[in-house]
Structure formats: C-alpha cells, structure tokens
Amino acid sequence: MSTAKEKSDSRRLPMMPIRDVVIFPHMMTPFVVGRESSVRALEDALAGEKKIFLSTQHDASIDEPRPEDIYQVGTIANIVQSVRMPDGNIKVLVEGMERARILSVVEEDGFFRATVRTYSSKVEAGPSLEALTARVTSLFEQYVKLSQNVNYETMIAAIRVDDPGKLADTVGANLQLTIEEKQELLEIFNPIDRLTRVADMLDIEIEKLNVDRTIQGRVKRQMEKAQKEYYLNEKIKAIQKELGRGEKSEFDELRKKIDSAGMTSDAKDKAMAELRRLEQMPPMSAESTVSRNYLDWMLAVPWKKKSKEIRDLRFAEEVLNSDHYGLEKIKERILEFLAVRRLVKNPKGSILCFVGPPGVGKTSLGMSIAKATGRNFVRLSLGGVRDEAEVRGHRRTYIGALPGQVLQMMKKAGTRNPVFMLDEIDKMSTDFRGDPSAALLEVLDPEQNFMFQDHYLDVEYDLSEVFFIATANVMHTIPPALQDRMEVIRLSGYTEIEKMEIARRFLVKKQTKATGLEIENVEFEDAGLLSLVQGYTREAGVRNLEREIGNVCRKVARQIVIAQSKIEADNPDSKGDDAVPSSVYPKVTVDAAKVENLLGAAKFRDMTTEKKAEVGIATGLAWTEVGGQVLITEATIMEGRGRLLTTGKLGDVMQESAQAAMSFVRSRAAMLGLPRDFYRHVDIHIHVPEGAIPKDGPSAGITIATTVASALTKIPVRGDIAMTGEITLRGRVLPIGGLKEKLLAAHRHGIFEVIVPKENEKDLADLPDNIRKEMKINFAEWMDDVLRIALAGDLDALAARPPAHPLELVPESAAESAAEENRAH
C-alpha cells in the first residue's frame, strides 16, 4: 500500500481574499484586482519575493471581508505578470505553488498579512497508487470526451504527470464543480486521499454528462420526428391537391358537419372562425388540440334533433299507473302538462320540484314521466356539488377545460327536449369556488334559459324545451330565488294500505326475480306484508320495506337450495340445473308467523302497549326529513324552588315553547284547582325521549302544556290520543306545518284520534280518504279545549274543589277517570 510522509513549514506572506474562484497549485490563473486592500497586498508582494497567499471568500458579495469570512486553506502563488489597466484595476497572472493553512492573520498598512503553514508530502510508489492514477487518468479522458467545455488534446497533455498530487490538482481545477466542492478538494493535503476524492467526483460528473447527452438525443429525435411528420403532411396535401382530391380533407368534413348541425347563426359563425384558425395551425401543436376539442363539443351537443313526443293522455296515464301506485296529485300535474302540449304549438318547458322524504319514488317518477312522454331521460346528481364550474363549465384558457354538467348531460341525451332530472338539489353547498345554486338560476328560469351560456362553448344554447325535474328532501336549504323558479309538488309518506299495495304490485315481484325465485316458490299473504310494514319498518317511503322483502326472499331461496340438495342426494340421476323442476319444491307461504320465524322478533314495538292513560305522559306528533314521527313527552314534579328543567336535547324554539306552556299553566291555576303560588315550592322536569336525538320547533307546545297540567293535577292523559300545535301565552292554539305527515305517523303507530289546530282544517284535503274515515280529528282553537279532550278527568270538578298543593294530590286511576267520563257523557 502507498503512503505519504508529510513535512510542514511556516511562512509570513501578504494575503489577498479572492471571489468566485479557487486557485489550485500548479495552475496558471489570470484575474483582475480592484479592491484597495487587495491592490496594496499585491504591491507589497511585488516589492518582495513576488509571493502572495490567495484564499477564497465564503460569500462573494462581501466587499470588505474580515478574516473569519475567508476559508482557512488557500494557495501560495507566484505572481508571473501584472498589468495596470486604464480604469485603475490591475490584471495579474499567478501560478499556484502549494497549498497552505492560515495560522494567524493581522492587518497592516491597509491589507492582510497571514502567517501560513505549508505541508509537503512525499508519496511512496506502489501498485495501488499506480492503479488509482491509471483510474483517474482513464476517467478524466472519458470526461473530456463527453464535455464540450474543454480541449481534448490540451487536457490529455496536462495530466501526463507522475506526481499524484499534481495530477489530482490538475484534474480538479478543470472539472465543472461548485466553489464549495473545489474548496473541499483544496483542503485535502494528503495526495492519495485527494486523488481518491477526484476519482469519486469524476464518476459523478461523467454520470451527469451521460444523462444530459441521453436527454439531448431524445429531444433531438422528437424534434426530427415532428419536422418529418410536418414535411410529409405538407407533401401529402400537395399531392392530393395535384390529384384533385383536396376537397375531401378533414377540414371540409368538419365544415359540412357544422353546416348540417343546425346551430344558431352566432354559434355557426364562431365554429367557422375556430375552423379557420385550426386550418392555419401546425397539426402537432397543443393549440390545435384545444381547437379540435372545442369543435368536437360544438358538434356533439344537440342543436336541432328532438324526440317525437307522445301526447296520448290515455297512454301516459297507463304508464304512470303501471309504474307507481298512489301519487295522484303528481299524476294529475303530468297529465295537465301533456294536455297543454297538445293545445299549444310551442309551449315553454316545465320546471317541477318534487319534495318529499327518502324512498317515496321521486327519482323513479322522473323516469316514468320520460317514458310516458316518449322523451330521453338524463339524471344529474347535485349532492355535494360546490363548484359553479360544474354547472357552467370552465373557460377554454384552462388546461383540460370541459363544458359544464348541463351541456354534458344534453350531449348524453342526444336531443334538445329530454326529461332532465336534477337530483338532490337541496344537497348543494357553497365555497370559495362559487355558488352552484346561483348558476342554476339561469338554467331553471323559463325567461332566461333559452339563451343559456356555458363558459366553455361561450355561445347561447336553448334549454327552453327541456323538461326539468328537481328532487329534494327539504326546502329550507334551497335558496329562495331558486325555489321561486320551480313549481313545488310535495310527496308525503305512504299509508300502510298504500305500502301493502306497492309491495304486492311491485316490490315482491322485483325481489322475487332478484333472488332467483319463481311465482310458485313463494307467496306473500296480506298478514305477512302487514307484519313487515308494522313491525320491521317505520319510514315514510318503501325503501326499507323492499330490503326486508328481499331479506325474506333470500332466506326462502336458501331453504329451496337445501331442499334441492336433499332431492338430488335421494335421486343421484336427477343432478343438474334443469333436472328437477322448481314446482317439485314445497311452496313457502309468508304470513305473520313466517315473517317472525325468518326475520326474528319485530324491530319496532307496537304503541298499543303504551296506550293506557298515565299521569304526566302525552303523545305528540313531529315532522322530520324522512316523514312524520310520534314523540312522547314526559313531565314530573319534585320539591324545589320553581325551576323548569328541560332535557332530551331540545332546541331553543322548543325550550321557549316549554316556557310558554308553563306560563299558560300558571295563568290557569284556579281552573286546574291549584294554589296561585304552587310553582314556588316545586320543580318541574320536562323530558322528551330519546335523549340523543336533537329536537326543535314550536309544534310541541300544546303537548308540553298538557303534560305539565297532568303532572300538576294528577289527572292522567288519554293514551289513545295524539296532539300537535303551537301555544301562546293566552292559550291560543296556532297552526303548524307538516300536518299530513304527522297524521300518517299517528295512523302508522295505531293512534286513531288526534287534536290539531283549528286553522289547519284546510290542510285535510291532502289527507287520503281512508285515513280521514278511520281517524277522529278534533280541532282546537284554545288550550282549554285541548285539556278537556286530552285529560281523562273533569276539569269543571277541579275548579270547584279547594286549591290543593300538587305534591299532596293522589293520582286518579285510569279506570276511575274513564268511568267518570262515561257517566258524564
């Protein structure tokens, strides 16, 4: 192994900081000296032995560096030549002699003088040194061949040296390295270590040059290919022109398509202008792709093609009745629309909005309308859409721009008069990218949508013949301006009779087919369907009912497969898919007992178990986004100081209703047989289960007042009656919303008598006839009327008895109160 022996020596020399260059030993380097301190150091060196110490600055932007701003290792150089230039600067040529390390620096006479230590190394020759030298020489030859910045002959002659240290310095000085990398190389005093480091650097630089050459070759080939294609394309055009075939070019085909597309005059002018621009563009340019895509979209959207409408009212009615049971009001509206289409030659498109709970058939009804009118059907889901560009599209200046979803759906429809369903229009949201509901204002306005303008096409497009149908679960999330542009038709929940009829007509057939069963395998009795409706589903629509029917069918299918396996085991010759006819298997009849056997215990308990009269418990009615619901309200009294506690996650409006109900009860203390100051000694706690579900709204006012009155007077509230209405401080019962859904919920839970506000009597027209016949509906204008109906006791007797404290009263039994009521009647 080769080794190096070092000797050191100290010298005191003038020092010059240099910028953006590292001077290596054995190198001739010219540079210009301009700083006053550097000029003085140079003059001092010239006056002496012409030796100067050169060291590079850390930061080249510092004009007057301090000793700490200068690298500690530099090069002792011999000044070969110096020439003073007209501008006062001095141009010098120096030759690096040897590297040295700074021991100390002092400033005298306006320049730095440094005491430096030099290190001379003597290297012993050996096989490893020869191998390293040969490797560096070979690598540098490769580097010079690949590099365009150095002369090959000059560099090869320069590295033909025997000294490994000089070889390392010569190669390092001629590599394209950073100042930091060159300084790192200068600071390695051991020649063998320095030569090893140079070899590593050469490997990296050669790899970089190879990568650069590969990339340049690839780019050059691509450019040559593009130029070749352009040349051949131009030659083909010239040949076709000479042969007289130029008329059949691609541009002429596009021109014919534009002429026959039926565009408006403005759209046609814009398409033709874009086509002329496309003809002048190079075919391989990116801009030509953008123009071609634009023309493709202009030709893809329907401009004149229309579906031939079916205006036969009888056929439309048959289609609607065959696809949907009930929904009479909506069917009437559709038939009215068709009647108008027959009488008016060019009527404006209709814009409907179906509002109702999930599962009542809003989306499927849109498909039936398209089928009944003979139009194409497209559906756009707006749930979660928060970007205005989803409706109007992006401008062509953006990369990858496309038209909005409205025009994309029109392209999908293929005609200019489809049935266009905007599903879940209440689920749109807004963020920094814009408000999509505001963009829909133009789409859904019959006075504006005949000139709808998409950002991408940037021409007017006629949407006036489109039949728009929007669907929503609630209205309060839709902006008022958007509501104003639509004809709102509300779909309430189905009654139990309607659900059973829907199941019998549609759901059973659909699920039987989906599970591979046949008509002779399973039969659903009315009792079985009723059990599914009452015990396993509590919803306004029929989606969960369909799931439960599918669950039953799957279990029946499993039984049949097990039976099939037994038959095949008993008859080995009958194996195969068609060997045993399905009529051989026993027919499964699904009745109430079979439903419980297949699905287990009922998920929903019947309210009949709670229909006994109890003190401090009343049944209210609530409206939710999925239909009506029954709401139990409880109240209890305790010794206290007059506090009113409310629990059950009640909203602010409902808590205020509770306070208004409490104030009303206090104002009727005499009528209820209570002392005037009864509230000072009791706390009243009102609770509305279930506690984890948020509740709000004013319609529970009369229910809370009835519950509190019952708890204070110890008179039970009738369990077979439900109520809804807002209460005022004077005891007036105000009207509420969602009456139909609430009454359907009461009927669904087996409650057939209700108390509703007098002013809601007009809303009974929306109630199905069978519900009106089966239910007893009491109309109340004042809270006193509610108490007389709901409490199972005589209010007049309460007023006649001496006032008693609520905690001293004994509750009446339900049987006694009922007997007293019967005798009173």
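The values are calculated or read from the model by the stated rules, or taken from the named source; none is laboratory data. As the structure is a prediction and not an experimental result, all values here were calculated from the model. Ideal geometry is used to build each Cβ from the backbone, glycine not excepted, and the neighbour counts take in all protein chains shown. Calculation scope for accessible area: heavy atoms of the full protein, side chains included, ligands and nucleic acids excluded. Shrake-Rupley method; radii C 1.70, N 1.55, O 1.52, S 1.80 Å.
Only one of these conditions is not met by ALA472: (1) open to solvent by 10 Å² or more (accessible area, probe 1.4 Å); (2) modelled with pLDDT of 90 or more. Which number is it?
(1)
Report, by residue number, each residue of the stretch 88-116 that is β-branched (Val, Ile, Thr) and either under 60 Å from the mean Cα position of the chain (by Cα) or open to solvent by 50 Å² or more (accessible area, probe 1.4 Å) (or both). Reasoning before the result, please.
Let us first name the residues in the stretch 88-116 that are β-branched (Val, Ile, Thr), namely 90, 92, 94, 102, 105-106, 115-116.
Matches in the stretch 88-116: VAL106 only.
Is it the case that the stretch 206-218 has a residue that's closer than 25 Å to PHE24 by Cα, out of contact with any Phe, Trp or Tyr (no Cβ under 6 Å at 6 or more places or on another chain) and open to solvent by less than 80 Å² (accessible area, probe 1.4 Å)?
Going through the stretch 206-218, the residues closer than 25 Å to PHE24 by Cα turn out to be 206-209.
Right, trim to out of contact with any Phe, Trp or Tyr (no Cβ under 6 Å at 6 or more places or on another chain) and you get 207-209.
Now drop any that are not open to solvent by less than 80 Å² (accessible area, probe 1.4 Å), which leaves 209.
Yes - at least one qualifying residue is present in the stretch 206-218.
Name the residue, out of GLU242, GLU184, that is open to solvent by 70 Å² or more (accessible area, probe 1.4 Å), within 30 Å of PHE24 (Cα to Cα), in a helix (DSSP H, G or I) and not hydrophobic (A, V, I, L, M, F, W, C). Show your work before the answer.
Values: GLU242 fails: within 30 Å of PHE24 (Cα to Cα).
Step by step, each of GLU242, GLU184 is checked, and only GLU184 is open to solvent by 70 Å² or more (accessible area, probe 1.4 Å), within 30 Å of PHE24 (Cα to Cα), in a helix (DSSP H, G or I) and not hydrophobic (A, V, I, L, M, F, W, C).
Name the one entry in GLY384, GLY434 that is open to solvent by less than 30 Å² (accessible area, probe 1.4 Å) and on the phi > 0 side of the Ramachandran plot. Break it down into steps so the answer makes sense when it comes.
Details: GLY384 fails: open to solvent by less than 30 Å² (accessible area, probe 1.4 Å).
Of GLY384, GLY434, the one residue that is open to solvent by less than 30 Å² (accessible area, probe 1.4 Å) and on the phi > 0 side of the Ramachandran plot is GLY434.
Out of GLU274, GLU279, GLU253, which single residue is loosely packed, with under 12 Cβ neighbours inside 10 Å, over 28 Å from PHE420 (Cα atoms) and modelled with pLDDT under 90?
On the way: GLU274 fails: loosely packed, with under 12 Cβ neighbours inside 10 Å; GLU279 fails: loosely packed, with under 12 Cβ neighbours inside 10 Å.
Every option except GLU253 fails the conditions.
Identify, from the list GLN655, GLN659, GLN629, the residue that is more than 30 Å from VAL542 (Cα to Cα) and within 39 Å of the chain's Cα centre (by Cα). Explain how you work it out, then say what you get.
Values: GLN659 fails: within 39 Å of the chain's Cα centre (by Cα); GLN629 fails: more than 30 Å from VAL542 (Cα to Cα).
Every option except GLN655 fails the conditions.
Just to be sure before I move on: is GLY737 touching a residue at least 60 places away in the same chain (Cβ under 8 Å) and either crowded, with 24+ Cβ neighbours inside 10 Å or in contact with a Phe, Trp or Tyr (Cβ under 8 Å, 6 or more places away or on another chain) (or both) in the structure I sent? Before you say what the answer is, go through the steps one by one.
Numbers: touching a residue at least 60 places away in the same chain (Cβ under 8 Å): yes; either crowded, with 24+ Cβ neighbours inside 10 Å or in contact with a Phe, Trp or Tyr (Cβ under 8 Å, 6 or more places away or on another chain) (or both): yes.
Taking the combined requirement at face value, the residue satisfies it.
Tally up the residues in the stretch 117-141 that are farther than 18 Å from HIS26 by Cα and either surrounded by 15 or more Cβ atoms within 10 Å (Cβ to Cβ) or acidic (Asp, Glu) (or both), please.
Residues meeting the conditions: 7.
For the stretch 616-641, name all the residues that are open to solvent by less than 40 Å² (accessible area, probe 1.4 Å), modelled with pLDDT under 90 and not in a strand (DSSP E or B).
If the condition is that a residue be open to solvent by less than 40 Å² (accessible area, probe 1.4 Å), modelled with pLDDT under 90 and not in a strand (DSSP E or B), then GLY640 is the only one that fits.
Search the stretch 776-797 for residues being open to solvent by less than 30 Å² (accessible area, probe 1.4 Å) and of a type in the set (Gly, Ala, Ser), and hand back the single one that is modelled with the lowest pLDDT.
Here the answer is GLY793.
Which one is nearest to ILE751 (Cα to Cα), of the residues in the stretch 504-536 that are modelled with pLDDT under 85 and assigned to a helix (DSSP H, G or I)?
So, considering only residues that are modelled with pLDDT under 85 and assigned to a helix (DSSP H, G or I), the one nearest to ILE751 (Cα to Cα) is GLN534.
Can you tell me which residue is surrounded by the most Cβ atoms within 10 Å (Cβ to Cβ) among those in the stretch 654-679 that are of a type outside the set (A, V, I, L, M, F, W, C), in a loop (DSSP other than H, G, I, E, B) and out of contact with any Leu (no Cβ under 8 Å at 6 or more places or on another chain)? Give the steps one after another, and end with the answer.
Taking the stretch 654-679 first, the residues of a type outside the set (A, V, I, L, M, F, W, C) are 655-657, 659, 663, 666-668, 673, 675-677, 679.
Applying the additional criterion that residues be in a loop (DSSP other than H, G, I, E, B) yields 668, 673, 675-677.
Subset that is out of contact with any Leu (no Cβ under 8 Å at 6 or more places or on another chain): 668, 675-677.
Numbers: ARG668: 17, PRO675: 15, ARG676: 10, ASP677: 12.
Only one residue tops the list, namely ARG668.
Looking for whichever is over 30 Å from the mean Cα position of the chain (by Cα), buried (at least 19 other Cβ atoms within 10 Å of the Cβ) and not small (Gly, Ala, Ser) here; the options are VAL522, VAL466. Which one fits? Outline the logic, then answer.
Values: VAL466 fails: over 30 Å from the mean Cα position of the chain (by Cα).
Step by step, each of VAL522, VAL466 is checked, and only VAL522 is over 30 Å from the mean Cα position of the chain (by Cα), buried (at least 19 other Cβ atoms within 10 Å of the Cβ) and not small (Gly, Ala, Ser).
State which residue is most open to solvent (accessible area, probe 1.4 Å) when the search covers only the stretch 256-271 and only residues that are over 13 Å from TRP297 (Cβ atoms) and in contact (Cβ under 8 Å) with a residue 60 or more places away in the chain. Let's see the steps before the verdict.
Going through the stretch 256-271, the residues over 13 Å from TRP297 (Cβ atoms) turn out to be 256, 259-260, 262, 264-266, 268-269.
Narrowing the set further to residues that are in contact (Cβ under 8 Å) with a residue 60 or more places away in the chain leaves 264, 266.
Values: THR264: 67, ASP266: 107 Å².
In this case the residue turns out to be ASP266.
Go through the stretch 18-59 and report how many residues are farther than 18 Å from THR115 by Cβ, open to solvent by less than 30 Å² (accessible area, probe 1.4 Å) and either assigned to a loop (DSSP other than H, G, I, E, B) or without any contact (Cβ under 8 Å) to a residue 40 or more places away in the chain (or both).
Qualifying residue count for the region: 5.
Taking the options ALA370, ALA300, name whichever one is modelled with pLDDT of 85 or more, aliphatic (A, V, I, L, M) and open to solvent by less than 20 Å² (accessible area, probe 1.4 Å).
Values: ALA300 fails: open to solvent by less than 20 Å² (accessible area, probe 1.4 Å).
The conditions single out ALA370.
Could you give every pair whose Cβ atoms fall below 7 Å, whose first residue belongs to the stretch 188-213 and is in contact (Cβ under 8 Å) with a residue 24 or more places away in the chain and part of a helix (DSSP H, G or I), and whose second residue is open to solvent by 70 Å² or more (accessible area, probe 1.4 Å) and not acidic (Asp, Glu), counting only separations of at least 6 or pairs across chains?
ALA199/ARG135; GLU205/GLN176; ILE206/GLN142
Restricting to the stretch 60-100, and then to whatever is of a type in the set (Lys, Arg) and part of a strand (DSSP E or B), can you tell me which residue is nearest to PRO14 (Cα to Cα)? Break it down stepwise before answering.
Of all residues in the stretch 60-100, those of a type in the set (Lys, Arg) come to 66, 84, 91, 99.
Still in the running and part of a strand (DSSP E or B): 84, 91, 99.
On the way: ARG84: 19, LYS91: 18, ARG99: 15 Å.
Here the answer is ARG99.
Take MET500 and decide whether it is at pLDDT below 90 and closer than 30 Å to ILE560 by Cβ.
Values: at pLDDT below 90: yes; closer than 30 Å to ILE560 by Cβ: yes.
Yes; evaluated as a whole, the condition is true for this residue.
Considering only residues that are of a type in the set (A, V, I, L, M) and within 30 Å of PHE140 (Cα to Cα), which ones fall in the stretch 210-231?
Taking the stretch 210-231 first, the residues of a type in the set (A, V, I, L, M) are 211, 215, 219, 223, 226.
Hits for the stretch 210-231 are VAL211, ILE215, VAL219.
Tell me which residues, restricted to the stretch 764-775, are touching a residue at least 12 places away in the same chain (Cβ under 8 Å), open to solvent by 50 Å² or more (accessible area, probe 1.4 Å) and within 18 Å of PRO735 (Cα to Cα). Break it down into steps so the answer makes sense when it comes.
If we filter the stretch 764-775 for residues that are touching a residue at least 12 places away in the same chain (Cβ under 8 Å), which is where we start, we get 764, 766-768, 770-771, 774-775.
Still in the list and also open to solvent by 50 Å² or more (accessible area, probe 1.4 Å): 766, 774.
Correct list: ASP766 only.
Taking interchain pairs and intrachain pairs at least six residues apart, which have beta carbon atoms under 9 angstrom, with the first residue in the stretch 516-535 and closer than 15 Å to CYS553 by Cβ and the second at pLDDT 85 or above and of a type in the set (Phe, Trp, Tyr)?
Within 9 Å, the pairs are LEU532/PHE524.
Can you tell me which residues in the stretch 771-782 are in contact with a helix residue (DSSP H, G or I) (Cβ under 6 Å, 6 or more places away or on another chain) and either within 15 Å of LYS758 (Cα to Cα) or acidic (Asp, Glu) (or both)?
ASN778, PHE779, ALA780, GLU781
Going by the conditions given, is GLU759 at pLDDT 90 or above, part of a helix (DSSP H, G or I) and open to solvent by 10 Å² or more (accessible area, probe 1.4 Å)?
Numbers: at pLDDT 90 or above: yes; part of a helix (DSSP H, G or I): yes; open to solvent by 10 Å² or more (accessible area, probe 1.4 Å): yes.
When the stated conditions are applied, GLU759 passes them.
Taking into account only those residues within the stretch 564-608 that are modelled with pLDDT under 65, surrounded by 15 or more Cβ atoms within 10 Å (Cβ to Cβ) and over 49 Å from the mean Cα position of the chain (by Cα), which is farthest from GLU539 (Cα to Cα)?
VAL580
Hey, any hits in the stretch 479-493 for a residue that's over 29 Å from the mean Cα position of the chain (by Cα), without any contact (Cβ under 8 Å) to a residue 40 or more places away in the chain and assigned to a helix (DSSP H, G or I)?
There is no residue in the stretch 479-493 that is over 29 Å from the mean Cα position of the chain (by Cα), without any contact (Cβ under 8 Å) to a residue 40 or more places away in the chain and assigned to a helix (DSSP H, G or I).
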